[in-house]
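Student: Submitted below is the structure of interest, expressed as structure tokens.
We did not get these values from a lab; they are worked out from the coordinates using the rules stated. All figures in this text were calculated on a predicted structure; none of them were measured in a lab. FYI the Cβ positions are ideal-geometry reconstructions off the backbone, even for glycines, and counts take in every protein chain you see.
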Amino acid sequence: MKKTKIIAGIFWAFLGLIVFIILFPGLNNFSVSVSKLPFMKINPRYTGGEKAYHLVAEKCTLDIRRPVFNGFLKESNSGFVQIDWRGDLPALINDSIDYNGDGEKDFFIQINRKNLKTDLKSFNPKVKDVVISTPTSYGWAVRVGLLKE
Amino acid sequence: MDNILKTTGMKKSLGKSLLYTLPMFLITFMFLTGGKPNFSDTASGIALLTVFILVNVLFFFMHFTGKTDKYRAVLFIVFALSLSYTLINNMLEVRKAMYFSQADILECKIPFCHLVIPMMILPAAFTKSIIFPGSIIGGFANISSMVVLWLVATLVLGRGFCSWGCFYGGWDDGFSRIRKRPVIKKINELWKWMPYAVLIMVILSAALTLMPTYCSWICPFKAVTEFEQVTSVESATKAGIFLSLFGGLVIVLPVMTKKRTQCSFLCPLGAINSLSNKITPFTVKIDKSACNECFKCVGVCPLYALSKEDIRSGKVSIFCSKCGKCMDACPQNAIHYGIKGVPSGTLKNFSRNLFLFVSYLFMAVFSAGSIINTFHGLLKFIF
């Protein structure tokens, strides 16, 4: 029994050595495998959610994402919708947004890119306020706070 | 008698030490150069060669002198400094600042580090997503690679990760070595359970808020890596907490106590790693027949992992990070690296050689990239 324990321990330790030797050369492959696990995707609170609508203007595009309400065990009562402007943006952005696709405009947003000022006019009681409005590498992003419908 | 190493009891032999270093030499050569060293750029060539020599010379001396911690600490501290340099340098190149903006969060461009891992677990299980604005795969410090590296290192080394792989540990390890004697000699050892409290707190708070709360509010190493842009009272408060904890737990207390106080009293990942000490093949053993209970090991342990009771019972606690400081201090060679299943006092040199090879290989390869990058940066700055 004692001998078996010793042999098992040493085998286990050598296995550790082998694992380390193959770890670094195989790191890319291991990482790709791990990245395919079902939970290995960034939470929508950070990504802004999936794209719901894509609108094309003359020089720029507008992406309206799906509202994000996700919480730990159940959906949260408050969330946000993210809107991304891409391309050659005007100094003053004016857009009316229908985030839920019901054909009614839910809010009007005006962004002054020079003084970084963002104004929101809500037409829907579920639309709260501007949570984030920031220049990005691709243009501009805004998150507007929402209450769950 | 001079030829006998006090710390391991084995005969000092240049040939044996060279032979022991040879596989490390070859493996690190392959990993660092990919088998084809590129000396087309002088600064890169010098940096690569310097790091390659440094890594292997330190490993050689570990075997030749029988001292572990003395040489481990050199690479460990250099790793911590160079990783911070690499992160800051990357940040300055990409963003022209050490802080990250809201846009960086929205675009999921925040470099990932292993300290986030405890907070990922519950949200990953319940929401099937990662609550961190980083890159899953590809790019600088991506989530998948860091998870693989940490997981494998922890399964093999246990809390040894904290002394052989963690790129933050070198900060308080370094500061704990500044003074010859401690100013504060006694700290209530109950504090060493604090990381478990922090761990539970951050796991729950992260799950409830879907935010990596430790990174957002507590992590002292934000002070030497990257932090949120100060634009509000909240972000200013966070910056204040980061700086205070870095100053207190990473600089002042380690200097005063000669202990790694951040690792001992705060780090939630250290708490998880210490639990993994139960399942790793390598351990630290006390040969009771050789121990004369001088308790020098208790005094030098940087993580409060050894107590007099542990020594008397012949078992080290789960807090042990296998740094080797106790072994370097032991005049009787009574405390040594061991392999689970192998009785204490037997196969001492075999166990030590195997553990050092495994742990040092991990640290050498993991750290080499950032150390080379730092040397390269320094060379470019000087010349």
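Student: Show the residues, 5+ positions off or on another chain, whose built amide H is closer than 5 Å to the amide H of A:Lys128.
Tutor: So A:Lys128 has HN proximity to A:Gly145, A:Leu146, A:Leu147.
Student: Next question. What pairs from A:Lys2/B:Lys67; B:Lys186/B:Lys340; B:Lys67/B:Lys259; A:Lys36/B:Lys278; A:Lys74/B:Lys128 go past 23 Å between their alpha carbons?
Tutor: A:Lys2/B:Lys67; B:Lys186/B:Lys340; A:Lys36/B:Lys278
Student: Please sort B:166-174, B:113-121, A:22-30, B:92-100 by packing, taking for each peptide the average over its residues of neighbouring beta carbons within 10 angstrom, highest first.
Tutor: Top to bottom by mean Cβ count within 10 Å: B:166-174, B:113-121, A:22-30, B:92-100.
Student: Assuming R0 = 60 Å, can you tell me the calculated FRET efficiency for the pair A:Gln110 and A:Ile22, based on Cβ-Cβ distance, to the nearest 0.05?
Tutor: Efficiency at R0 = 60 Å is approximately 0.60.
Student: Right, next: For helix B:117-127, what angle does its Cα long axis make with the longest principal axis of chain B, in degrees from 0 to 90 and rounded to 10?
Tutor: Once rounded, one gets 50 degrees.
Student: Taking the Cα centre of the range B:192-335 as origin and charging only Cβ (+1 Lys, Arg; -1 Asp, Glu), how large is the dipole, in debye to the nearest 20?
Tutor: 480
Student: Figure the gain on full extension for A:Asn77 and A:Ile7 (residue separation times 0.36 nm, minus the Cα-Cα span) and round it to one decimal in nm.
Tutor: Gain on stretching A:Asn77 to A:Ile7: 19.4 nm.
Student: Right, another one. Note the angle between two axes, namely the Cα long axis of helix B:194-209 and the longest principal axis of the Cα atoms of chain B, as a number of degrees from 0 to 90, rounded to the nearest 10.
Tutor: 30
Student: Tell me, what ³J(HN,Hα) does each residue in the range A:85-97 have, in order and in whole Hz, if you take phi through Karplus 6.51 cos²θ - 1.76 cosθ + 1.60 with θ = phi - 60° and put x for Gly and Pro?
Tutor: 9, 10, x, 8, 8, x, 5, 10, 9, 10, 8, 9, 10
Student: While we're here: Using θ = phi - 60° and the Karplus relation 6.51 cos²θ - 1.76 cosθ + 1.60, list the HN-Hα couplings for the range B:16-24 in order, rounded to whole Hz, with x at every Gly or Pro.
Tutor: Listing the rounded values in order: 5, 5, 5, 5, 5, 6, 3, x, 5 Hz.
Student: A further question follows. Compute a Gaussian network model of chain B, connecting alpha carbons closer than 10 Å, and tell me which residue from B:Thr213, B:Thr33, B:Thr86 fluctuates the most.
Tutor: Among B:Thr213, B:Thr33, B:Thr86, the largest GNM mean-square fluctuation belongs to B:Thr33.
Student: For peptide A:47-58, what's the mean number of Cβ atoms from other chains within 10 Å of each residue's Cβ?
Tutor: Average neighbour count from other chains, rounded to a whole number: 1.
Student: Another one. What's the average, rounded to a whole number, of partner chain beta-carbon atoms within 10 Å of each residue's beta-carbon in B:129-139?
Tutor: 5
Student: Say each of B:Phe140 and A:Leu37 gets a label point 7 Å from the Cα, pointing the same way as Cα to Cβ; how far apart are those two points in nm?
Tutor: Label at B:Phe140, label at A:Leu37, 2.6 nm between them.
Student: While we're on this one: Which order do the peptides B:176-189, B:128-141 take when ranked by the mean count of other beta-carbon atoms within 10 Å per residue, highest first?
Tutor: So the peptides B:176-189, B:128-141, ranked by packing, come out B:128-141, B:176-189.
Student: Given a Förster radius of 22 Å and the C-beta distance between B:Thr50 and B:Phe381 as r, what FRET efficiency does 1/(1 + (r/R0)^6) yield to the nearest 0.05?
Tutor: 0.90
Student: Mind telling me which of A:Gly16, A:Gly103, A:Gly71 comes out most flexible in a GNM of chain A, alpha-carbon contacts under 10 Å?
Tutor: A:Gly16
Student: Any idea what % of Cα-Cα pairs in the protein assembly as shown are farther than 41 Å?
Tutor: Counting pairs separated by more than 41 Å, the tail of P(r) holds 29 percent.
Student: Next question, about the same structure. Label chain B by shape, choosing from rounded, prolate and oblate, from the square roots a ≥ b ≥ c of the eigenvalues of the Cα gyration tensor; if a/c is under 1.5 it is rounded, and otherwise prolate applies when a/b is larger than b/c, oblate when it is not.
Tutor: Oblate shape, in that a/c is at least 1.5 and b/c is the bigger or equal ratio.
Student: Take peptide B:146-152, look around each residue's Cβ out to 10 angstrom, count Cβ atoms belonging to other protein chains, and average those counts.
Tutor: What the average comes to for B:146-152 is 5.
Student: Further question on the same structure: Kindly express, to the nearest 10 degrees and within the range 0 to 90, the angle between helix B:143-157's C-alpha long axis and the longest C-alpha principal axis of chain B.
Tutor: Helix B:143-157 sits roughly 20 degrees off the main axis of chain B.
Student: Give, in nm to one decimal, the length gained when the segment between A:Ala91 and A:Glu58 is fully stretched (0.36 nm per residue of separation minus the Cα-Cα distance).
Tutor: 10.4 nm is the gain from fully extending A:Ala91 to A:Glu58.
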